[in-house]
Amino acid sequence: MMKKGASLLEVVIAIGLISVVLMSLVTLSSKSVSNSNVSKEKNQATRHTQETIEWLRRERDASWSSLDAHVQANSTWCMSQNSWTISGTCNNQPIPNTQFTRQVTFNKPEADVIEVAVVTQWQDSGNTHESRSATILTKWQ
């Protein structure tokens, strides 16, 4: 004797499998969007970090003595904007119109050498992310 149609058990199993597959696709899509946002934010943070490195190079090229006067060994500057306005402990002042904070740490191993480390940070879903860059500025003129 042949059975025609599907039994209730087969239908329930098929619906269960389809549900698992659909939930996996939704989770995968959600994770993909999240990774895309983090990547976009990482690119923006890297741009802000590099802007500060380039600004410091222009400061050096304009006047080494002026740059040297602002920098003390092991000093930290909060750079919400690329200017010499806030020194010392950072109060998480964001870069204008962004969610990013940026700080620059200077070290002077020699009289005509300044080591620079720039860190741009942001929060996303309770996690702290950052972009870091470092360079060495010398009195080359």
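How far, in nm, would the chain grow between Asn97 and Ser66 when pulled straight, counting 0.36 nm per residue and subtracting the alpha carbon separation?
8.3 nm
Work from the charge dipole of segment 8-138 (Cβ charges, +1 for Lys and Arg, -1 for Asp and Glu, about the Cα centre) and give the residue of Thr120, Ala69, Gly16 farthest towards its positive end.
Checking the options against the dipole of segment 8-138, the answer is Gly16.
Within the set of other residues whose C-beta is less than 14 Å from the C-beta of Leu56, count the net charge using Lys and Arg as +1 and Asp and Glu as -1.
In short, 0.
Quick one: grab Rg to one decimal and Dmax as a whole number for segment 8-138, Cα atoms only, in Å.
Every Cα atom of segment 8-138 included, Rg and Dmax give 22.9, 84 Å.
At a Förster radius of 25 Å, what calculated FRET efficiency corresponds to the Cβ-Cβ distance of Trp55 and Ala111, to the nearest 0.05?
E between Trp55 and Ala111, to the nearest 0.05, is 0.65.
Please give me the summed charge of the neighbours of Phe106: other residues whose Cβ is under 11 Å from its Cβ, Lys and Arg +1, Asp and Glu -1.
-1
What size of dipole, in debye to the nearest 20, comes out for the chain about its Cα centre when the only charges are +1 on Lys and Arg C-beta atoms and -1 on Asp and Glu C-beta atoms?
640
By how many nm would the segment from Asn35 to Thr138 lengthen if fully extended, with 0.36 nm per residue of separation less the alpha-carbon distance?
That pair, Asn35 and Thr138, stretches by 33.2 nm at full extension.
Testing the spin-label approximation: label points 7 Å from Cα along Cα→Cβ at Lys42 and Leu8. State their distance in nm.
5.2
Order these peptides, 123-136, 97-110, by their mean beta-carbon neighbour count within 10 angstrom, highest first.
The densest-packed peptide leads the list: 97-110, 123-136.
To the nearest 10 degrees, how steep is helix 8-62 against the longest Cα principal axis of the chain, on a 0 to 90 scale?
10
Readers should treat all values here as calculations from the given coordinates under stated rules, not as data from a laboratory. In this text the structure is predicted, and so the values were computed from the model without any measurement. Glycine also receives a Cβ, built like all others from the backbone with ideal geometry; neighbour counts cover every protein chain displayed.
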